[in-house]
1. Of 86, 103, how do they rank once you tally other Cβ atoms within 10 Å and put the fewest first?
2. Arrange the following residues from fewest to most other Cβ atoms within 10 Å of their Cβ: 68, 90.
3. Say each of residue 90 and residue 32 gets a label point 7 Å from the Cα, pointing the same way as Cα to Cβ; how far apart are those two points in nm?
4. About its Cα centre, what dipole magnitude does region 80-126 give when the only charges are +1 on Lys and Arg Cβ and -1 on Asp and Glu Cβ, stated in debye to the nearest 20?
5. Express in nm, to one decimal, how much length is gained between residue 140 and residue 44 on full extension, taking 0.36 nm for each residue of separation and deducting their alpha carbon distance.
6. Starting with the highest mean, order 39-48, 52-61 by the number of other Cβ atoms within 10 Å, averaged over the residues of each peptide.
7. Could the peptides 93-101, 74-82 be put in order, highest first, of the mean number of other beta-carbon atoms found within 10 Å of their residues?
8. Over region 56-107, what relative contact order in percent results from Cα pairs under 8 Å that are six or more residues apart?
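Read the figures in this text as sums done on the coordinates, not as results from a lab. Keep in mind that what you see is a predicted model, and the values were worked out from it rather than measured. Reconstructed Cβ throughout: ideal geometry from the backbone, glycine too, with neighbour counts over all protein chains shown.
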Amino acid sequence: MKLHIFLFFLGLTVLMSCTKNQAHPVPNIPFDITIDINLPSYNALIGVGNYAYVNGGSKGIIVYRRSIDEFVAFDRHSPADVNGTCDPLIPDTNNYLTLLDPCSDAKFSLYDGSPISGSEFGLRQYQTFFNGSNLLRINN
């Protein structure tokens, strides 16, 4: 009997987490790319604290290098732009660690994708895998 109750709550938890993910306003568009950070288009990523744009996702991806071996990647589609009609998110010229939605004035953290203002949802984040040398894989 205890096993049935455990399985019920486990299934309920999984179902609730799936529903929460589906409620995110940014579409989940499958992709899997690998970039070479030594290429001119991505060489800003050689230095810690820099970012670069990558094609993919809904409205493009912004990749930020947090540390020597840690990268984060976010879709540039603003969660505040439910209809997807606005331009992609852009870094704030006064604070490059803040991404701005040019339509709604919503703000998001480039460091972790969390909403700063104007949105209840954070940015859609993608997985990153760094080979420790020059290749960065980004996927969902």
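1. Ordered by Cβ neighbours within 10 Å, fewest first: 103, 86.
2. Going from least to most buried by this count: 68, 90.
3. Each label point is offset 7 Å from its Cα along the Cβ direction, giving 3.5 nm.
4. It comes to approximately 100 debye.
5. 32.3 nm
6. 52-61, 39-48
7. 74-82, 93-101
8. Computed over region 56-107, the figure is 25 percent.
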